[in-house]
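Note sheet for the following structure.
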Amino acid sequence: MLLKIVGTLIVGFLGGTVAKRLKMPAAFMTGSVLAVALFSILSNAMFMPSSLKVIAQIVSGAYIGQQVSKQDLLNFPKLAKSIVLLLTFFTINTFVMGYLFARFFSIDLTTALLSCLPGGIMDVSLISIDMGAQAEIVATMQLARLVGMLLILPYWITFILKCLGKVEKREVADDLSSNKLVPFGTNHELINNLLILLIAGLGGLLGMYLEIPVGALIFSLIFSCGLKLLKNTAPLNNKIRQLAQILAGSIIGSTFTRESLEQIVQLFIPACLLLISYLLINILFGFIVYKRGILDLRSALFASSPAGATDISLIAGELGGDMPKIAGIQICRTLYTIIILPILVRLVVEHALLR
């Protein structure tokens, strides 16, 4: 098992390196996903325990926390209306697409609705078992949504921003330059990185202990942010974030098997329709929030993407998004999906059965 894990990480690293040389967007994430998925389908020899994603969550939280300023915290309440708008879009999309799948693709209503939830594969799959749905269909649809969004999203956002010209590029360049102002810890990078990871790791362990959805990400982010505000630490080394991307990408890629590929082929049309619906929400929400001046367009597009909170945060950091705000919106989306949406699905299904 240990050899399989090491082999999977090596494949993920090579995939990320090749993708970087090819100048693919979010290279280490997308490259590792593609490479590990390909080897997994061909050899069935790739293996990564999903529990290791906690490490990626902690590193992501640590990295995001170091981007937060006091001004970001003061501005966060302004995102409340945008978060409610996004969650409303996701709720409508879940029930509209779910009913379409149940009506035209011979999928039972519970399975169809749960297949459309914008949450994590593991969490939604476990919920589907509890609710008596066809877990294999839910897991396959969730896998197609997650991998599809992670692979399409960087190109989708890059394409939209290129269509807008130089204005958006200037804004991102300004954001990146502002991140270079790191007065504390610059000459003691190793100590700085270890301190951040230690504090964020303690937060992540607390989040795991409390058994909160994406708790490791939430609490590592909070602890890292607290450290930043108290000690004005320097940003975490970019190489560490790239390793976290490879780890997360390897975990996602290793979930691919020949069986899951066959199921994806059978569910190809529903999966494509679901991806299209999420891309429409993505661009609609992105432009509404951008026009209101709440977020830059790049960050708004990342914030409304229904992939993993950890994965999106890592990709957003690679492509220059406003990571603290993106992570905040993504965490709210994850919590809503895991806590509230299943209750709504259960109520709707019970009502439909009574009729």
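The values are calculated or read from the model by the stated rules, or taken from the named source; none is laboratory data. Just so it is clear, the model here is predicted, and its values are computed rather than measured. Glycine gets a Cβ as well: all are built from the backbone with ideal geometry, and neighbour counts include every protein chain shown. We work out accessible area using only protein heavy atoms, side chains counted, and drop any ligands, DNA or RNA first. Shrake-Rupley method; radii C 1.70, N 1.55, O 1.52, S 1.80 Å.
Within segment 21-51, track down each residue that is surrounded by 15 or more Cβ atoms within 10 Å (Cβ to Cβ) and under 18 Å from Arg241 (Cα atoms).
Matches in segment 21-51: Met24, Pro25, Ala26, Ala27, Phe28, Met29, Thr30, Gly31, Ser32, Val33.
Conditions (1) modelled with pLDDT of 80 or more; (2) closer than 26 Å to Ser299 by Cβ; (3) open to solvent by 30 Å² or more (accessible area, probe 1.4 Å), marked per residue:
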| position | (1), (2), (3) |
| --- | --- |
| Ala135 | no, no, no |
| Leu143 | no, no, no |
| Leu153 | yes, yes, no |
| Cys163 | yes, yes, yes |
| Glu171 | no, yes, yes |
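Could you tell me which of the residues Phe104, Phe95, Phe89, Phe76 is touching a residue at least 60 places away in the same chain (Cβ under 8 Å), of a type in the set (Phe, Trp, Tyr), open to solvent by 30 Å² or more (accessible area, probe 1.4 Å) and over 20 Å from Ile312 (Cα atoms)?
Phe95
Please verify whether segment 27-43 includes one or more residues that are farther than 21 Å from Ile264 by Cβ and touching a residue at least 24 places away in the same chain (Cβ under 8 Å).
Yes.
Testing Ala35 on (1) small (Gly, Ala, Ser); (2) under 22 Å from the mean Cα position of the chain (by Cα); (3) farther than 24 Å from Glu262 by Cα, one condition comes back false. Which one is that?
(3)
If you take just the helices (runs of 4 or more DSSP H) that sit entirely in segment 1-120, which of them hold at least 2 residues that are in contact with a strand residue (DSSP E or B) (Cβ under 7 Å, 6 or more places away or on another chain) and farther than 23 Å from Thr337 by Cβ?
none
I'd like the full set of residues that are in contact (Cβ under 8 Å) with a residue 24 or more places away in the chain, charged (D, E, K, R) and open to solvent by 60 Å² or more (accessible area, probe 1.4 Å), limited to segment 208-237.
Lys231
In this structure, is Val11 at pLDDT below 85 and either open to solvent by less than 30 Å² (accessible area, probe 1.4 Å) or over 23 Å from Ser304 (Cβ atoms) (or both)?
It is false that Val11 is at pLDDT below 85 and either open to solvent by less than 30 Å² (accessible area, probe 1.4 Å) or over 23 Å from Ser304 (Cβ atoms) (or both).
Please verify whether Ala316 is more than 29 Å from Ile212 (Cβ to Cβ), under 20 Å from the mean Cα position of the chain (by Cα) and open to solvent by less than 30 Å² (accessible area, probe 1.4 Å), treating the condition exactly as stated.
Spelling it out, it is not the case that Ala316 is more than 29 Å from Ile212 (Cβ to Cβ), under 20 Å from the mean Cα position of the chain (by Cα) and open to solvent by less than 30 Å² (accessible area, probe 1.4 Å).
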